[in-house]
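A quick write-up on the structure given underneath.
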Amino acid sequence: MSLEEIPEVKHSVVEEFFQNSEEKRHLTDGYAFSKTKKFETSGKPLRINLLPGCNNMFLLEGHTRPAMKQAKGITSGSGVYSCIVVFNKLTGKILAARDRSCAAGKRGFCKHIAALCYKLVELKMSSAKKLPQPLSRTEIRQQWGIPSLKAQQDPEKEVMKKKPLHEIKFEQHVLTRDQTGGRKRKVPQEVNSSYMSKPAGEPAIDTAHVEAFKKDLAISKISFRVSKFISLNCCPTQPSLYKENIPCISTSADTSKQRSEAWFSERVGKITSSKAPAVIGLYGKKEFSETWDCIKNKLPEPTKNFRNFQRGIIYEEAAAACFSAETGATLSKYGMFVLTSDNRFAASPDRIFDGEACSVPTNINTGEKIQLAGQCLLEIKTRAEGQAEPLSSVTASHVCQTELQMKCVGDEVKFTILQSFVPESKKSKYFLIARNDSFIASFLNTCSSAFNNDTRLEFDSLLGMRQ
């Protein structure tokens, strides 16, 4: 199909098609790109063909080299972009377009498609009868040694490039060591030898005042709360007097803050509550093997940077605030609880609260009131992005995780509330999980035998426990 058989295509047709694009820069970039020889030097010709089965539409196909030499992600041809544009044969309007090698072009709008359309507009306006043929390699100007536009605008650099190397004078930088940090830095000529990195006039720290403040804080009735905010350690010999609202927790609790470096190092070589479902095969055979290898070889845990995992960390505080507002419970956050009888098991529950201070939960199926007593745990599960409703039920992995948490925190913990939270709508659904001592005993015995006998657990042998 020749150029004479297709209708006239104008600039307004291209602009009308790109009105649906989110970024109008593709038009201006495409027009500038059409003035280059990227299509002619791609080694492949422009082609116009009728759309198979549709005589009122035709295809314009072209190949172009990338604008940058280091362009990545090109999948079609040998380092070229493949563009296709569909036109109406009667009106000349663009119906659809696609660039299979460009991320933006897969939606139909990119500078390569715009350049191909402007190329056709230019050919029709110049009354050309044939499509341009690809240039051979001997017809293309050599590309090496051509100065960049920025270099052309700097005449001093151009003069320096023409000088022999032995005639160029290089400046020797005078370096000295920073008096505080031991770093090397260049000393400006206007600064004398008395240069100091510490700004002049900075007041010195009054250590006597700080020590006096610490002593006052140690005997204060609110020392526990104040020290939390200003990160000062109270006198260890002076007991804190403000104990009324502090829950009584097991002595096996580690003081390392959750997700800190010390917290991560404490988890190495231990079966934690988050690993508990994996070590009995609830996450599949691959996760089962990898988790046991990581625990037995005392390897650091692989980082979890996927989107929904980070989403759970971000919205944990919002979920806890929602629970506290709806139940009236006062929540406390701790680090890691190591099982007293076997320090190879540990857990880090999201929150701990006093069950008697919490509003009485009601079973939505039976209407029965359930009175909580003693310490209770809160496990927060943030819904994945795009999910508008909370979970409809708990899974076996949820039960396995919370059962180990209750065992590690202490024998007085009988209940865990699992909260399914939707951050966008602030909607929550709560599930009450009771302590199951028979499951905990079976879980600990199975895992302890694998530790003590140094035998490898078989995935299929744990089918009964999973069920």
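The values are calculated or read from the model by the stated rules, or taken from the named source; none is laboratory data. Since the structure is predicted, the reported quantities are computational estimates derived from the model, not experimental observations. As a convention, Cβ positions derive from the backbone with ideal geometry for all residues, glycine included, and neighbour counts pool all protein chains shown.
Among the residues in the stretch 375-383, are any part of a loop (DSSP other than H, G, I, E, B), under 21 Å from Thr272 (Cβ atoms) and touching a residue at least 24 places away in the same chain (Cβ under 8 Å)?
Of the stretch 375-383, the ones part of a loop (DSSP other than H, G, I, E, B) are 383.
Those left that are additionally under 21 Å from Thr272 (Cβ atoms): none.
Checked against the condition, which is being part of a loop (DSSP other than H, G, I, E, B), under 21 Å from Thr272 (Cβ atoms) and touching a residue at least 24 places away in the same chain (Cβ under 8 Å), the stretch 375-383 yields no hits at all.
Quick check, is Glu301 in a helix (DSSP H, G or I) and acidic (Asp, Glu)? Steps first, please.
Values: in a helix (DSSP H, G or I): no; acidic (Asp, Glu): yes.
No.
Kindly indicate whether Gln142 is at pLDDT below 65 and exposed (fewer than 12 other Cβ atoms within 10 Å of the Cβ). Even if it seems obvious, please write down each step before you answer.
Details: at pLDDT below 65: no; exposed (fewer than 12 other Cβ atoms within 10 Å of the Cβ): yes.
For Gln142, the condition - at pLDDT below 65 and exposed (fewer than 12 other Cβ atoms within 10 Å of the Cβ) - is not met.
Can you tell me how many residues within the stretch 342-373 are surrounded by 11 or more Cβ atoms within 10 Å (Cβ to Cβ) and either among the small types (Gly, Ala, Ser) or more than 30 Å from Val279 (Cβ to Cβ) (or both)?
Here the count works out to 13.
Looking only at the stretch 266-285, count how many residues are basic (Lys, Arg), assigned to a loop (DSSP other than H, G, I, E, B) and more than 24 Å from the chain's Cα centre (by Cα). Give the derivation first.
Taking the stretch 266-285 first, the residues basic (Lys, Arg) are 267, 270, 275, 285.
Next cut, assigned to a loop (DSSP other than H, G, I, E, B) only: 270, 275.
Now drop any that are not more than 24 Å from the chain's Cα centre (by Cα), which leaves 270.
Within the stretch 266-285, residues that are basic (Lys, Arg), assigned to a loop (DSSP other than H, G, I, E, B) and more than 24 Å from the chain's Cα centre (by Cα) number 1.
Tell me, which residue of the stretch 38-86 that is surrounded by 12 or more Cβ atoms within 10 Å (Cβ to Cβ) and charged (D, E, K, R) is modelled with the highest pLDDT?
Glu61
Right, Val14: modelled with pLDDT of 85 or more, touching a helix residue (DSSP H, G or I) at 6+ places or on another chain (Cβ under 6 Å) and of a type in the set (Val, Ile, Thr) or not?
Considered against the rule, which asks whether it is modelled with pLDDT of 85 or more, touching a helix residue (DSSP H, G or I) at 6+ places or on another chain (Cβ under 6 Å) and of a type in the set (Val, Ile, Thr), Val14 comes out as yes.
Take Leu463 and decide whether it is outside the structural domain of Lys333 (by TED's automatic domain parsing) and under 34 Å from the mean Cα position of the chain (by Cα). Lay out the reasoning, then the answer.
Numbers: outside the structural domain of Lys333 (by TED's automatic domain parsing): yes; under 34 Å from the mean Cα position of the chain (by Cα): no.
Against the criterion (outside the structural domain of Lys333 (by TED's automatic domain parsing) and under 34 Å from the mean Cα position of the chain (by Cα)), Leu463 does not qualify.
Evaluate the stretch 394-412: report whether one residue or more is in the same structural domain as Ala347 (by TED's automatic domain parsing), touching a Cys at 6+ places or on another chain (Cβ under 7 Å) and among the hydrophobic types (A, V, I, L, M, F, W, C). Please lay out each step first, then the result.
Taking the stretch 394-412 and keeping what is in the same structural domain as Ala347 (by TED's automatic domain parsing), we get 394-412.
Those still in the list that are touching a Cys at 6+ places or on another chain (Cβ under 7 Å) too: none.
For the stretch 394-412, residues in the same structural domain as Ala347 (by TED's automatic domain parsing), touching a Cys at 6+ places or on another chain (Cβ under 7 Å) and among the hydrophobic types (A, V, I, L, M, F, W, C): absent.
So, in the stretch 430-466, how many residues would count as being at pLDDT 85 or above and of a type in the set (A, V, I, L, M)?
6
Identify the single condition in (1) crowded, with 17+ Cβ neighbours inside 10 Å; (2) outside any loop (DSSP other than H, G, I, E, B) that Leu391 does not satisfy, given that it satisfies every other one.
Among (1) crowded, with 17+ Cβ neighbours inside 10 Å; (2) outside any loop (DSSP other than H, G, I, E, B), Leu391 violates only (2).
Quick check on Glu290: is it more than 27 Å from Leu463 (Cβ to Cβ), assigned to a helix (DSSP H, G or I) and either modelled with pLDDT of 85 or more or not acidic (Asp, Glu) (or both)? Don't jump to the end; show me each part of the working.
Numbers: more than 27 Å from Leu463 (Cβ to Cβ): no; assigned to a helix (DSSP H, G or I): yes; either modelled with pLDDT of 85 or more or not acidic (Asp, Glu) (or both): yes.
Considered against the rule, which asks whether it is more than 27 Å from Leu463 (Cβ to Cβ), assigned to a helix (DSSP H, G or I) and either modelled with pLDDT of 85 or more or not acidic (Asp, Glu) (or both), Glu290 comes out as no.
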